[in-house]
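A short worksheet on the structure shown next.
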Amino acid sequence: MKEKEKSYHFPSYDLKGRVAVVTGSGQGLGKWIALGLAEGGANILVADLVAENASQTAQEIEKMGRKSIFAEVDVGDPEAAVRMMEMARRELGSLDILVNNAGINIHKKALGMTPEDFDRIVRVNSKGVYFCSQAAARLMIPQKRGKIINIASAAAFLVRAGIPNSVYAMTKAGIVMLTKALAEEWAQYHINVNAVAPGYFATPLVADRLKDPEASRSIVESTPLKRVGGPEDIMGAVVFLASEASNYITGQTICVDGGRTVL
């Protein structure tokens with residue numbers, strides 16, 4: 001007897017009609033992520049501390065045929081986070097995706113780190129992610145779906161000799177565990193919470209180091225794929241986690257680092 005043919009629901013990476021908020025998306029990784037989500041079909045609220053940068057990214061997205069608005073936002077202000085999420089829902093129609101990309105670093109050795117430096121990094125990298133996620137979840141819970149994607153770092157898992165990263169690494173390691181905790185708490189509402197941990201990417205923040213032949217060579221030699229990351233590398237991972245293709249994945253951190261964290 002012929003076996004009954006199965007009917008499959010093939011997963012889609014299409015984000016058409018979805019609305020995403022991407023923090024820190026005026027430049028660098030955040031901008032690439034926002035453009036990648038827009039290419040996938042999403043409409044985007046571009047959030048950045050520098051309004052001019054946010055406006056430019058929004059204009060590029062609109063040229064792609066998507067809707068985009070921008071907001072000058074300090075993610076470390078919980079009330080500003082609430083206003084940002086409500087703005088996305090009000091002006092773009094919903095809130096389906098949040099990418100917590102905004103982050104800062106201060107390269108000082110531990111003995112030179114001041115309480116003010118510490119508070120500044122933690123305010124953005126930890127408090128900002130926490131309360132942006134909370135504000136987004138409050139809108140996602142009633143609709144019984146949502147995707148929250150946190151940007152961690154390879155620094156959450158390893159130390160690079162000679163690069164002082166103690167507070168930054170602490171906050172990024174915290175993002176990995178926060179991702180797990182929120183994933184468990186919000187799974188009942190079909191909200192997926194995952195993270196991406198980038199390695200070295202050719203962004204403005206590391207441009208000076210990449211221009212230094214010795215530093216650039218050291219970075220490449222410590223990366224199994226022998227190159228730094230580009231826009232398409234971070235776009236692919238985030239679009240996957242934002243799409244229905246990742247519906248059975250939650251609480252996970254994907255290292256997008258050319259293999260750096262396997263060494």
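The values are calculated or read from the model by the stated rules, or taken from the named source; none is laboratory data. From a predicted model like this one, the values you see are computed outputs, not experimental measurements. Cβ placement follows ideal geometry from the backbone for every residue including glycine, while neighbour counts extend to all protein chains displayed.
Looking across region 35-48, the residues that are touching a helix residue (DSSP H, G or I) at 6+ places or on another chain (Cβ under 9 Å) and without any contact (Cβ under 8 Å) to a residue 60 or more places away in the chain come down to Ala38, Asn43, Ile44, Leu45, Val46, Ala47, Asp48.
Looking at region 182-263, what helices (runs of 4 or more DSSP H) fall wholly within it and have at least 1 residues that are at pLDDT below 95? Don't jump to the end; show me each part of the working.
Details: elements: 207-211, 213-221, 231-242.
The qualifying helices (runs of 4 or more DSSP H) are 207-211, 213-221.
Across region 53-66, which residue is nearest to Leu92 (Cα to Cα) among those that are touching a helix residue (DSSP H, G or I) at 6+ places or on another chain (Cβ under 6 Å) and assigned to a loop (DSSP other than H, G, I, E, B)? Checking each candidate, the answer is Arg66. Scanning region 1-21 for residues that are at pLDDT 95 or above and basic (Lys, Arg) yields Lys16, Arg18. Residue pairs whose Cβ atoms lie under 9 Å apart, sitting 6 or more positions apart in sequence or on different chains, and linking a residue in region 141-152 that is among the acidic types (Asp, Glu) to a partner that is at pLDDT below 95 and not in a helix (DSSP H, G or I), do not occur here. The set of residues in region 88-140 that are in contact with a strand residue (DSSP E or B) (Cβ under 8 Å, 6 or more places away or on another chain), closer than 19 Å to Ala155 by Cα and among the polar types (S, T, N, Q) comprises Asn100, Asn101.
In region 134-151, how many residues are in a helix (DSSP H, G or I) and either basic (Lys, Arg) or touching a Lys or Arg at 6+ places or on another chain (Cβ under 7 Å) (or both)?
Residues that pass the stated criteria total 2.
Could you pull out the residue among Ala136, Ala154 that is surrounded by 17 or more Cβ atoms within 10 Å (Cβ to Cβ), out of contact with any Ser or Thr (no Cβ under 6 Å at 6 or more places or on another chain) and of a type outside the set (S, T, N, Q)?
Ala136
For Met85, the conditions (1) in contact (Cβ under 8 Å) with a residue 24 or more places away in the chain; (2) hydrophobic (A, V, I, L, M, F, W, C); (3) over 17 Å from Val19 (Cβ atoms); (4) touching a strand residue (DSSP E or B) at 6+ places or on another chain (Cβ under 9 Å) all hold with the exception of (3).
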